[in-house]
Every structure is written in structure tokens, then in C-alpha cells.
Amino acid sequence: PAISRLFGERPRPLRSLEFFPPKDESGVAALRKTAVALRAFRPDFVSVTYGAGGGTRQRTAEVSQMLRCELGCVVMPHLTCVGHSRAELYELADAIHASGLRNIMTLRGDLPRGPAQDGAAASPTPPPADSPRYASDLVALLKARHSDFCLGVAAYPEKHPQAASAQSDIDALKAKVDAGADFAVTQLFFDNSLYFRFVEKCRAAGITVPIVPGILPALSLAQVRRFTAMCEVVLPDALASQLDAAGTDNPDAVAELGTQWALRQVEELLAGGAPGYHLYTLNQAQSALAFGACGF
Ligand code: FAD
């Protein structure tokens with residue numbers, strides 16, 4: 001079923017999980033085990049990322065089918081348009097549709113960078129001439145190809161790093177919704193006030209679709225520092241100092257603190273009206289199971 005329908009039908013906020021396609025068969029076997037462990041979490045849907053770089057593209061389809069069998073819930077593959085011609089995107093859309101999947105996380109993807117030369121900034125390799133430029137163009141393409149697709153899109157409470165301004169990024173989200181997107185999932189964030197303020201601005205801009213917060217239970221300080229720098233999101237001092245105090249020689253204690261922070265975030269987000277929450281699992285079961293145990 002369409003995820004957009006689940007928001008209305010389920011008597012509680014939706015819970016969902018994100019996985020990435022492992023690089024090799026042993027990684028797929030490990031993910032299968034994770035999926036089996038996560039049956040207890042009973043996700044409403046799970047999503048599988050798409051390697052814009054190309055390496056894991058086929059794996060997204062394979063892993064999506066595997067998770068569908070293991071978890072028996074709605075599976076949403078991601079699809080990025082960067083580097084794809086329109087003909088390739090039609091082919092990919094038709095393959096997803098033919099496999100029985102109806103939900104797609106619809107993205108532009110990160111622009112590829114060519115090799116840097118002589119210390120100069122890396123230059124993007126030219127995309128196929130008719131490659132859609134923005135995620136909104138891919139939304140329009142997919143809806144035109146199969147009108148029964150239900151499409152999720154990305155939203156950025158702290159603005160996409162390349163956006164000229166917070167308002168222009170909200171305009172870009174509005175363009176995705178106007179093109180047919182059914183719901184949005186946010187970039188990770190650690191400060192809920194940024195999500196609540198963002199949703200308010202989106203509503204003021206006429207964006208009415210559900211905006212699901214994307215939450216990363218931190219596993220280590222080095223990891224959150226890397227992610228927050230990469231995504232240009234705020235790492236609250238309180239979280240950094242808690243993780244720092246737990247030290248680097250006790251990874252279980254650090255992961256427990258990260259999970260507790262994420263649990264408090266989700267409790268407050270749901271109390272504040274969020275339509276669900278989407279956990280960036282990094283293919284680990286542990287944190288998600290803590291959420292299941294708390295009944296969120
Ligand atoms: P867009 O919505 O197209 O926006 C890209 C930039 O262009 C933004 O700065 C926006 O403000 C600007 N923009 C948009 N439209 C216009 C316009 N008309 N005029 C001027 N500027 C405009 N990446 C992957 O490679 N694979 C994945 O599986 C993946 N999954 C993700 C899941 C989530 C929930 C999130 C939040 C991100 C994910 N990403 C993934 C990362 C994403 O691909 C990058 O952040 C990418 O740089 C932007 O993708 P987008 O779909 O948000 O692009």
C-alpha cells in the first residue's frame with residue numbers, strides 16, 4: 001500500500017527504518033540477520049538507499065526484495081536522478097513497478113565529483129544531457145510514468161548545504177510537493193526545536209504533506225562529528241560532551257547514550273505532533289530494538 005495512506009489509517013504515528021545496501025554477500029547475510037532481529041520492532045515501512053555513485057544500484061533492488069520477504073512490511077527503495085538519462089529512469093521506474101513496489105524515496109542525489117587536478121576543486125562530470133536536474137523533476141517524471149506511485153522526498157530542517165537560503169530550500173520542497181510528492185522525510189538532526197520551527201515555516205509556505213523526522217541514534221562521537229559536518233547540521237554541545245565523557249574505550253556505553261538521546265528526541269517529537277519517525281539504522285538492530293521496547 002501507499003505509505004501516504006498508512007499515515008491516515010494507522011491509529012498511531014508511523015515508525016520506519018532506513019538501511020543501506022551492503023557491498024557484498026556477507027554484508028547482505030548480516031543485514032538479513034538484522035532484519036530478522038527487527039521483526040520485533042514491527043516497522044510500518046523500511047527504506048533502502050540508492051548509491052548515487054553507481055556501485056550499489058543493483059543491490060538496492062535485491063535488498064528491497066530481501067527485506068520485503070524477511071519483514072513483510074512496506075519497502076521503499078530510494079532512487080536518485082543524478083547521472084541517469086530519462087530513458088534509464090523510465091526503465092528503473094518500470095522495474096520497481098513490475099516488482100510490485102509502489103513507494104519510492106525520490107531524490108536528486110549528490111552531484112558526482114571528478115578527480116581534482118593540481119590542487120584545484122574537483123569538477124563535476126557532465127550528466128547525460130536530458131538528466132533531470134532536481135528531485136522535483138524526478139517526482140514529475142515518476143508520477144507521469146506510473147500515477148499509482150507514492151513518492152517520498154527529502155526535507156532539510158537546517159537547509160540543504162547547497163541551498164542559497166532557508167527560504168529557497170523550502171521553496172524547493174514546495175516544488176517537489178507541487179510536482180506530486182506525497183510525504184517528506186527529514187535529514188538527521190539532534191535539536192528538535194529546529195524541526196518544529198521548520199515544520200511551521202513549511203506549513204506557512206502551503207506545504208501540507210506529512211514531514212517525518214529522520215533520527216540517527218549516535219553510535220560514537222567520531223561518527224556524529226563526521227555526519228554533522230558532512231550534512232551541515234548542529235551537534236548540540238550537551239550531546240557531544242555526554243558522548244565525550246563516556247570515552248572511546250566503552251562503545252556500548254556510548255551507543256546507549258546515543259540511543260537515550262534519540263529516544264528523548266522521538267518522545268518529544270511525537271508529543272509535538274510529528275506524524276512518525278524514521279530511524280537511520282546504519283544496518284544495526286540494537287538502537288531500533290530499544291525504541292520497540294519503549295513502545296514508540
Ligand atoms: P533537491 O530537492 O533537488 O535539492 C537539491 C538542491 O537544489 C537544494 O539545495 C535545493 O534547495 C536546490 N533546488 C531544488 N530545486 C531548485 C530549483 N528549482 N532552483 C534552484 N535550486 C533548487 N543520497 C543518495 O545518493 N542516495 C540516497 O539513497 C539518499 N537518501 C536520502 C534520504 C534522505 C531522507 C535524505 C534527507 C537525503 C538522502 N540522500 C541520498 C542525500 C541527497 O541525495 C542529497 O542531500 C542531495 O544533495 C540532494 O537531494 P534532494 O533530493 O534533496 O535534491
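The values are calculated or read from the model by the stated rules, or taken from the named source; none is laboratory data. Not measured: the values here are computed from a predicted model. Counting neighbours? That spans all protein chains shown, and the Cβs are built from the backbone with ideal geometry, glycine included.
Quick notes on this one:
- Residue list for the range 183-235, filter: hydroxyl-bearing (Ser, Thr, Tyr) and in contact with a Pro (Cβ under 7 Å, 6 or more places away or on another chain): Thr186, Tyr195, Ser220
- Residues that are modelled with pLDDT of 95 or more and within 17 Å of the chain's Cα centre (by Cα) do not occur anywhere in the range 253-260.
- Residues that are out of contact with any Phe, Trp or Tyr (no Cβ under 9 Å at 6 or more places or on another chain) and within 16 Å of the ligand (Cβ to nearest atom) within the range 21-43 comprise Pro22, Lys23, Pro43, listed in sequence order.
- Matching residues in the range 64-85 - criterion: being within 16 Å of the ligand (Cβ to nearest atom) and farther than 20 Å from Ala184 by Cβ: Ser64, Leu67, Gly83, His84
Yes or no, residue by residue, for (1) touching a helix residue (DSSP H, G or I) at 6+ places or on another chain (Cβ under 8 Å); (2) within 8 Å of the ligand (Cβ to nearest atom):
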{"site": "Leu151", "(1), (2)": "yes, no"}
{"site": "Tyr156", "(1), (2)": "yes, yes"}
{"site": "Ala164", "(1), (2)": "no, yes"}
{"site": "Asp171", "(1), (2)": "no, yes"}
{"site": "Asp178", "(1), (2)": "yes, no"}
{"site": "Asp182", "(1), (2)": "yes, no"}
{"site": "Phe190", "(1), (2)": "yes, no"}
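- For the range 56-71, the set of residues classified as assigned to a helix (DSSP H, G or I), over 21 Å from Ala37 (Cβ atoms) and in contact (Cβ under 8 Å) with a residue 24 or more places away in the chain consists of Thr60, Ala61, listed by residue number.
- Among residues of the range 96-117 that are within 27 Å of Ile211 (Cα to Cα), those with a Cβ under 9 angstrom from a residue that is among the acidic types (Asp, Glu) and modelled with pLDDT of 95 or more, sequence gap 6+ or separate chain, pair up as His97/Asp148; Arg102/Asp148; Asn103/Asp182; Met105/Glu18; Arg108/Asp137.
- Across the range 2-49, the number of residues qualifying as within 14 Å of Val212 (Cβ to Cβ), part of a loop (DSSP other than H, G, I, E, B) and under 18 Å from the mean Cα position of the chain (by Cα) comes to 3.
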